[in-house]
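Below is one structure, written out as structure tokens; comments come after it.
The values are calculated or read from the model by the stated rules, or taken from the named source; none is laboratory data. Predicted model only: the values in this text are computed from it and were never measured. Note: ideal-geometry Cβ built from the backbone for every residue, glycine included; neighbour counts use all protein chains shown. Side chains are part of the model used for accessible areas, which takes the heavy atoms of the whole protein and leaves out ligands, DNA and RNA. Shrake-Rupley method; radii C 1.70, N 1.55, O 1.52, S 1.80 Å.
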Amino acid sequence: MGQLDGVKVVELATFIAAPSCARILASYGADVIKVEAPRGDDLRTAARQYYYPVPEGDEDLGMNVQNFNKRDLAINLKDPKGMEAFLKLLETADVFITNNRVKSLVKMGLDYETLHKKFPRLIHASILGYGEEGPLKDKPGFDYTAYFARGGIANSLMEKDTSPCNAASGFGDNYAGIALSSGICAALYRQAKTGEGERVTVGLFDTAIYGLNWLLGPVNYGSELPMTRKHTNSATCTTYKTKDGRWIQLAVIQYMKSIETLSKAIEVPEMLTDERFNTYEAMLQHIEELVDVIEKAFAKKTLAEWQDILTKADVPFETVQTMEEIANDEQAWANDYIFKKQGPGGKDVFYVRTPIVFTEQPAVKEESGRGRSPKLGEDSVEILKDLGYDDATIEEFKNNGVIVG
């Protein structure tokens, strides 16, 4: 049982953004049917370039990430019989999720206007690159391009006068997926009350600039990105390098409330005595000078020493962690954010659970049920039988390449 028990979701999508949304809905208990072309989702091969091990047996460790708790139908939608079966499936569905471009959906007859006439109750949910309007509405969009580049994330995270930050693949996709899942849940609530469908869209570009909304607002009043770590919005909200070459992020936002505690903890009395630093207004005019002073203090002690000192002083800070450290972070494991599966050679592959936590009715665990992503076409036969197809027709579909299964 889950929050969305009894809800059927049909996913026609590839890569990460839309599939990640469907995975969230699956964790809420929805029955998610992933529909793939006979060649399969491109993520099945692309996962190799991100160091996921080659699939062995039933386990595709790369596909697992966005596809736990789904069933799979591999069908050729270019074949009229395949499209006929797909439309029968949509007729039984509550939600249709896709990342196909709108012009492609129109060509296939799977756009919102067409499907809404056939299935007025169906919720049509799309991940778009750049939105529904404007000159870029038909441009292919990935998180590298629409989210990181045009959306300003790469620029905002770079050190000023250096190269743009390296895009973390899938980062923007996953946030767009979370946003779309929120919209779908609102549409499901409306569907339950009125019996009517809805169109829900989320753009990668829009998701990025929404994330920057706090900094975009005052852009005409001096807010500027990128910054340097020596001249951010505050000398006590930047990073500092320790004696052993590690980095610490300070987040002392309430400057005047915390200046005395911080100055004692890091042994920088100038913060209290120097007129350039002892008021918030003065510090804002001398950020780089104070960073230089604090930088020298942090260079005197190791990360472990600073962790102990800053924790005891209750100073808001955090270690800039590596991926390996995150995978083994005791805080993450204590909250069951991460779980693992053993891959080839006895090495662990780490997975992150969906980030929405319920108390009374917990989300469906990825280890439950099948405990992995579906193989290509693994459930094709079962799904078609549920739609009323007999064994002879299904066998004919297999022989003619209409389905894989």
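Only residues in segment 362-391 that are without any contact (Cβ under 8 Å) to a residue 40 or more places away in the chain and more than 17 Å from ASP5 (Cβ to Cβ) count as the first member; pair them with residues that are outside any loop (DSSP other than H, G, I, E, B) and among the aliphatic types (A, V, I, L, M), Cβ under 6 angstrom, at least 6 apart or cross-chain, and list the lot.
Here the result reads VAL381/ILE394, each pair linking segment 362-391 to a residue that is outside any loop (DSSP other than H, G, I, E, B) and among the aliphatic types (A, V, I, L, M).
Yes or no: segment 370-385 includes at least one residue that is among the small types (Gly, Ala, Ser), buried (at least 17 other Cβ atoms within 10 Å of the Cβ) and touching a Leu at 6+ places or on another chain (Cβ under 8 Å).
Looking through segment 370-385, at least one residue is among the small types (Gly, Ala, Ser), buried (at least 17 other Cβ atoms within 10 Å of the Cβ) and touching a Leu at 6+ places or on another chain (Cβ under 8 Å).
If you take just the helices (runs of 4 or more DSSP H) that sit entirely in segment 115-218, which of them hold at least 1 residues that are open to solvent by less than 30 Å² (accessible area, probe 1.4 Å)?
Fully inside segment 115-218 and qualifying: 153-157, 171-194, 204-211.
Grab the strands (runs of 3 or more DSSP E) fully contained in segment 298-405, keeping just those with 2 or more residues being within 31 Å of the chain's Cα centre (by Cα) and of a type in the set (A, V, I, L, M).
Output list reads 348-352.
With the condition kept exactly as written, say whether any residue in segment 75-96 is in contact with a Gly (Cβ under 8 Å, 6 or more places away or on another chain) and either open to solvent by less than 10 Å² (accessible area, probe 1.4 Å) or more than 28 Å from GLY109 (Cα to Cα) (or both).
Yes: segment 75-96 contains one or more residues that are in contact with a Gly (Cβ under 8 Å, 6 or more places away or on another chain) and either open to solvent by less than 10 Å² (accessible area, probe 1.4 Å) or more than 28 Å from GLY109 (Cα to Cα) (or both).
If you take the residues of segment 41-74 that are of a type in the set (Lys, Arg) and in contact with a helix residue (DSSP H, G or I) (Cβ under 7 Å, 6 or more places away or on another chain), which of them is least open to solvent (accessible area, probe 1.4 Å)?
LYS70
State which residue pairs qualify: first residue aromatic (Phe, Trp, Tyr) and inside segment 136-162, second residue assigned to a loop (DSSP other than H, G, I, E, B) in any location, beta carbons under 7 Å apart, and separation of 6 or more residues or different chains.
Close Cβ pairs satisfying both conditions: TYR144/ALA167; PHE148/ALA167.
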